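Undergrad: Handing you a structure now.
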Amino acid sequence: MVLEWEPSNPIRSELVWSPDSSRLAFTAGDGLRVIEVSSGKTLVTVDGYGAAWSPDGSKIAYTLYEGDDVRGIYTVAADGSESARRLTEGSSPTWSPDGSMIAFSH
């Protein structure tokens, strides 16, 4: 399968596979996106970058630049069913293997 993306909205980060390989997360010109690989359908678009999939693939943690050198850690449902939620100030989130914690830099 070849995934093509819009040249007018370039990908600005690495493509990150979901744990079950059914979706991809990446940062494009308009923010963080999650797409379904089989259809190319966009499931999530939010402001932010640095996607980290939860081990079960249900959520994505990411960083949002909030201004004045402040960055926040957010999570969003990977299927787009829930709004984004701010967790704390920080950047570069990564999930624990069991999905119960998120480590990040401050």
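Undergrad: Inside region 81-98, can you point out the residues that are loosely packed, with under 15 Cβ neighbours inside 10 Å and in contact with a strand residue (DSSP E or B) (Cβ under 8 Å, 6 or more places away or on another chain)?
TA: Matches in region 81-98: E82, S83, R85, R86, L87, T88, E89, T94, S96.
Undergrad: So, one more: Can you spot a residue in region 59-77 that is open to solvent by 30 Å² or more (accessible area, probe 1.4 Å), at negative phi, touching a Gly at 6+ places or on another chain (Cβ under 9 Å) and not in a strand (DSSP E or B)? Let's see the steps before the verdict.
TA: First pass over region 59-77, keeping only residues open to solvent by 30 Å² or more (accessible area, probe 1.4 Å): 59, 64-66, 68-71, 74.
Filter once more, keeping what is at negative phi: 59, 64-66, 70-71, 74.
Right, trim to touching a Gly at 6+ places or on another chain (Cβ under 9 Å) and you get 59, 64-66, 71, 74.
Filter once more, keeping what is not in a strand (DSSP E or B): none.
No, region 59-77 has no match at all.
Undergrad: Here's something else I'd like to know. Inspect region 22-39 for any residue being modelled with pLDDT under 95, open to solvent by less than 40 Å² (accessible area, probe 1.4 Å), touching a strand residue (DSSP E or B) at 6+ places or on another chain (Cβ under 9 Å) and hydroxyl-bearing (S, T, Y) and give the result as yes or no.
TA: yes
Undergrad: Looking only at region 78-106, which residues are hydroxyl-bearing (S, T, Y) and either under 14 Å from the mean Cα position of the chain (by Cα) or outside any strand (DSSP E or B) (or both)?
TA: Result: S81, S83, S91, S92, T94, S96, S100.
Undergrad: Could we say that S18 is of a type in the set (S, T, Y), modelled with pLDDT of 90 or more and surrounded by 13 or more Cβ atoms within 10 Å (Cβ to Cβ) here?
TA: Yes, satisfied.
Undergrad: Filter region 17-33 down to the residues that are farther than 11 Å from G48 by Cβ and in a strand (DSSP E or B) and list them by number.
TA: Of everything in region 17-33, those that are farther than 11 Å from G48 by Cβ and in a strand (DSSP E or B) turn out to be W17, R23, L24, F26, A28.
Undergrad: Still on this model: Search region 79-106 for residues that are closer than 14 Å to I60 by Cβ and pair each with any residue that is among the charged types (D, E, K, R) when their beta-carbon atoms are under 6 Å apart and the residues are at least 6 apart or on different chains.
TA: G99/D56
Undergrad: Could I ask something else about it? Pairs needed: first member in region 24-37, without any contact (Cβ under 8 Å) to a residue 24 or more places away in the chain and on the phi > 0 side of the Ramachandran plot; second member anywhere, part of a strand (DSSP E or B) and surrounded by fewer than 20 Cβ atoms within 10 Å (Cβ to Cβ); C-beta distance under 7 Å; at least 6 residues apart or different chains.
TA: G31/T45; G31/V46
The values are calculated or read from the model by the stated rules, or taken from the named source; none is laboratory data. Keep in mind that this is a model prediction, so the values were computed, not measured. Virtual Cβ from ideal backbone geometry, glycine too; neighbours counted across all protein chains shown. We work out accessible area using only protein heavy atoms, side chains counted, and drop any ligands, DNA or RNA first. Shrake-Rupley method; radii C 1.70, N 1.55, O 1.52, S 1.80 Å.
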